[in-house]
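Engineer: Just passing along the structure, written as structure tokens.
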Amino acid sequence: MSLGSRIASMRGYRRLTQEELGNMVGVSKQTMSGWEHNTAKPNANYLRELCKALGCSADYLLELDDDLGLKW
């Protein structure tokens, strides 16, 4: 699973739209779409915000660990 697939999967698990997650992270729906389709990648600051918003570990999103590390 790619970074984008993991973001999309966790977003679906949390029942968030791209727009809702984008608002939580501080980016547009279009930016979220780019991340999910692997045409762009979040920088370290946005990765941190994604992890907080999705309640998962950066290791999971970056494919370093298959454990979700769910926080809520």
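The values are calculated or read from the model by the stated rules, or taken from the named source; none is laboratory data. Remember, it's a predicted structure, so these values are computed and weren't measured experimentally. Calculation scope for accessible area: heavy atoms of the full protein, side chains included, ligands and nucleic acids excluded. Shrake-Rupley method; radii C 1.70, N 1.55, O 1.52, S 1.80 Å.
Engineer: Using only the Cα atoms of region 1-49, build the gyration tensor, take square roots of its eigenvalues as a ≥ b ≥ c, and label the shape rounded, prolate or oblate: rounded if a/c is under 1.5, else prolate if a/b is larger than b/c, else oblate.
Structural biologist: Rounded shape, in that the Cα axes give a/c under 1.5.
Engineer: With the other protein chains left in place, how much accessible area per residue, in square angstrom, belongs to the chain at a 1.4 angstrom probe?
Structural biologist: With the other protein chains kept in place, the chain gives 59 Å² per residue.
Engineer: Here is a further query. Go through region 40-52 residue by residue and turn each phi into a ³J(HN,Hα) via Karplus (6.51, -1.76, 1.60, θ = phi - 60°); whole Hz please, and just put x for glycine and proline.
Structural biologist: 8, 10, x, 6, 4, 5, 5, 4, 4, 5, 4, 4, 5
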